[in-house]
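Written out below as structure tokens is the structure these notes cover.
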4 protein chains.
Amino acid sequence: MSIAVIYGSTRENGNTEWLTDQVIHGIPVEKVYLNEFEILPIKDERHSEAGFQEVFDDYNTVLDKVLKHDILVFATPVYWYSMSGTMKLFIDRWSQSLRDKKYPNFRADLAKKKAFVIVVGGDNPSIKALPLIQQFKYIFDFFGMSFEGYLIGKASKPGEIQHDKKAIAAAIHMQQQLKEQLKSNK
Amino acid sequence: MSIAVIYGSTRENGNTEWLTDQVIHGIPVEKVYLNEFEILPIKDERHSEAGFQEVFDDYNTVLDKVLKHDILVFATPVYWYSMSGTMKLFIDRWSQSLRDKKYPNFRADLAKKKAFVIVVGGDNPSIKALPLIQQFKYIFDFFGMSFEGYLIGKASKPGEIQHDKKAIAAAIHMQQQLKEQLKSNK
Amino acid sequence: MSIAVIYGSTRENGNTEWLTDQVIHGIPVEKVYLNEFEILPIKDERHSEAGFQEVFDDYNTVLDKVLKHDILVFATPVYWYSMSGTMKLFIDRWSQSLRDKKYPNFRADLAKKKAFVIVVGGDNPSIKALPLIQQFKYIFDFFGMSFEGYLIGKASKPGEIQHDKKAIAAAIHMQQQLKEQLKSNK
Amino acid sequence: MSIAVIYGSTRENGNTEWLTDQVIHGIPVEKVYLNEFEILPIKDERHSEAGFQEVFDDYNTVLDKVLKHDILVFATPVYWYSMSGTMKLFIDRWSQSLRDKKYPNFRADLAKKKAFVIVVGGDNPSIKALPLIQQFKYIFDFFGMSFEGYLIGKASKPGEIQHDKKAIAAAIHMQQQLKEQLKSNK
């Protein structure tokens, strides 16, 4: 039982990362910072004769990192009421992996994962990030992944998240959830 | 009064484009295919001392095309229950334009636009694309843009959209809306 | 194959009824006006020792009318961004029927129904009625009912619905759906 | 500065009440149990010549209790992914009060209130109660009420809520919010 944290942030040490740190404090995780990799937009070739063409970027490297783990924590700032484009590029490419012979069990593999979501936004996220939470739910349902919990923080300026006591309390609860998962499912 | 259609598709002549064609049939528009341009993920430098750094890609070129028009039609396939990453990259960068001296009136300029949305998805979009519609609403509200209407088509395989009679009927209605807008607000 | 229309309106010949008339024009249906019946609020006795007590009102009469049919059209004005209290009282009582020996197959019976939804609201319903549509989806999913389509009209004052051309076009489409259902599944 | 808790439950000492007790522990509130009163479904007479007719039930009594307070806590079980019919009947009648000469400042009065929401549901409420939260938001926005926070608990059988550690942690946070409100705005 191991954990990957997939970061969609584009700023280092930002609010999303800080809140995620409260969750994973004292827990071993592999951190995957998507913005350190080049991931190109998907080109929809599902229906072209030759199918999806190989793409020369870091997507498969990132995917391999992620697939090794049992628990996936998606941590993204809320950009325009949705996940960051950086994270969206990564997830869009799943459509390609679903048809990639290198990943013959992609869907079944993801079905076994447990998912957590951490989002931080500046504009009333406890209401305006709810469509994003619903979208994550639909994504996880598509694969049969279990959606174990989500956490919405409110912050805009650097450091502001440290004043969101509600989110911090919820982060500590998510930390306990993660610890129990690690224990019970070894 | 003029119209820009902003395409988020990554496949040529796909279902989204076909449905959009039903809407804009006989109406002069400028078509902006986002996937023909290089638009890099935003780097959140809102809070760095130097602010946003100039990015050397096609974003400003695209933005300039869009800003010339009064009516913006956002046409995107539904990828993972949300707009395509290609379109998300474009919209994410608006955060930069909001702070860009080259666009001192960016927010006020967008406030004057009228927005339409056309989305096409394969997995029960009349329900599962609703969070995406809500996100567009929040985006337009942020700027004070008027959200004139949306259209949800159902299709996955090439050409499948042509069987979605409900979407086609709604497309014809949207066409009339556009024509009335063009007439009344010259 | 037969159709029940379940009205949640509290005003006669209102906008919701008018829009529904466009849908059912020329189609035999049984109309069930919930406001003509007394339906008391559910009393949650799921967990009391004696279970649900018999309620002396018209609920079972109404339910029997509804269950005879294969296609259920729920037609309700949008009151405070949700179905009318009149319709909610009816649906809330389904929790009782799920445990009522008189309806041993209640859940399985509903699973076979096809559902349509017609709602009319005054305050930007194409956006603000979407949570209501999502709730109907969850209700139908609970039973395994198939959610065949929904229709959102905009109107507040008497007669105003007649100006909602988009809803009228969609009503005609729903009419065709109903006719095809009646034909194909005799 | 004073607080009313408006209960939509139909069972005494249920999960919703228990969770609400965690929030209001040690805080003076007036409890309004809607199911102890007779509140009839609204009859939409907005557009009839004579307007709304007087209704002989307990609605105005309940409304008067509520309007005395500055902070309103809406505590309802989730019935069919929405507020209970009992609570819906109460809120539906607000349309009447908006036009009632006895309440000439109804809208302005509500605009000054601060609102909290506590909901408890059995079927994945952290996702499936989100449309209900969005509806409360629209209701509060209509009046210009400030939506201070919401709390979603998961429970079905009696007492089950006591195992929802996440909700309990959030309840304690809401308690602190309430205490701060009481202090700061005397």
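Only the coordinates and a few stated rules stand behind these numbers; no lab work does. Computed from a predicted model, the values in this text were never measured in an experiment. Counting neighbours? That spans all protein chains shown, and the Cβs are built from the backbone with ideal geometry, glycine included.
A few comments on the model shown:
- The stretch A:84-158-the stretch C:1-80 distance, computed between alpha-carbon centres (Å): 38
- Karplus-based coupling profile of the stretch C:106-118, in residue order and whole Hz: 3, 5, 5, 5, 5, 4, 8, 7, 10, 10, 10, 10, 10, with θ = phi - 60° in 6.51 cos²θ - 1.76 cosθ + 1.60 and x standing for Gly or Pro.
- Summing +1 for each Lys or Arg and -1 for each Asp or Glu among the other residues whose beta-carbon sits under 10 angstrom from that of B:Glu30 gives +3.
- Label point of D:His47 set 7 angstrom out along Cα-Cβ; within the stretch C:100-132, amide nitrogens under 20 Å from it belong to C:118-129.
- Long-range amide H partners of D:Tyr79 with built H, under 5 Å: D:Ser84
- Beta bridge orientation in chain C: antiparallel %, DSSP, nearest 5: 5
- Other copies of A:Pro104: label-to-label distances in nm, shortest first, labels 7 Å along the beta-carbon direction: 4.9, 6.4, 8.1
- The coefficient of translational diffusion for the protein assembly as shown, derived via Stokes-Einstein from the alpha carbon Kirkwood radius under 20 °C and 1.002 mPa s, stands at 79 µm²/s.
- At an R0 of 45 angstrom, the distance between the Cβ atoms of A:Asp109 and A:Ile172 translates into a FRET efficiency of 0.90.
- For the stretch A:162-171, backbone phi angles converted through the Karplus equation (6.51, -1.76, 1.60; θ = phi - 60°) give residue-by-residue couplings of 5, 9, 8, 4, 5, 5, 5, 4, 5, 5 Hz, Gly and Pro being listed as x.
- When the convex hull of its Cα atoms is projected in every direction, mean area for chain B (nm²): 10.3
- Modelled spin-label separation between D:Thr61 and A:Phe37, with each label point placed 7 Å from Cα along the Cα-to-Cβ direction: 6.5 nm.
- Reachable lysines from D:Lys183, criterion Cα separation under 21 angstrom, eight or more residues apart if same chain: A:Lys165, A:Lys166, D:Lys31, D:Lys68, D:Lys112, D:Lys113, D:Lys114
- Cβ crowding within 10 Å ranks A:Ile161, A:Ile3 as A:Ile3, A:Ile161, fewest other Cβ atoms first.
- Across the copies of the chain, A:Val55 has label points (7 Å from Cα along Cα→Cβ) spaced 1.7, 5.3, 5.6 nm apart, shortest distance listed first.
- Modelled this way, with points 7 Å down the Cα-to-C-beta line, the labels at C:Ser156 and A:Leu98 are 4.2 nm from one another.
- Amide H contacts of A:Arg11 (H built 1.01 Å from N, in plane; Pro and chain starts excluded): B:Asp44 sit under 5 Å, all sequence-distant by 5 or more or on other chains.
- Each residue of the stretch A:11-27 is assigned a 3J(HN,Hα), and the resulting list reads 10, 6, 6, x, 5, 4, 5, 4, 5, 5, 4, 5, 6, 9, 3, x, 10 Hz, derived from the Karplus form 6.51 cos²θ - 1.76 cosθ + 1.60 (θ = phi - 60°), x at Gly and Pro.
- For B:Phe74, the residues 5 or more places off, or on other chains, whose built amide H falls under 5 Å of its own are B:Ile6, B:Phe116, B:Val117, B:Ile118.
- Environment charge at B:Ser9 (Cβ cut-off 9 Å; Lys +1, Arg +1, Asp -1, Glu -1): -2
- Bridge type composition, the stretch D:78-186 - antiparallel percent by DSSP, nearest 5: 10
- Here, the stretch D:33-83 has an Rg and a Dmax of 13.9, 38 Å when only alpha carbons are counted.
- Positive-end residue of A:His69, A:Gly149, A:Gly85, charge dipole of the stretch A:29-155 with Cβ unit charges: A:Gly149
- Shape class of the stretch A:68-117 from the Cα gyration tensor (axes a ≥ b ≥ c, square roots of the eigenvalues): oblate, since a/c reaches 1.5 or more and a/b does not exceed b/c.
- Computed from the C-beta positions of B:Ile27 and C:Asn13, the FRET efficiency with R₀ = 51 Å rounds to 0.85.
- Sparse-neighbour loop sites [chymotrypsin sites (Phe, Trp or Tyr not before Pro); the stretch A:1-104; at most 12 other C-beta within 10 Å; DSSP]: A:Phe56
- Here, the stretch D:96-159 yields an orientationally averaged convex hull projection of 5.5 nm² when only Cα atoms define the hull.
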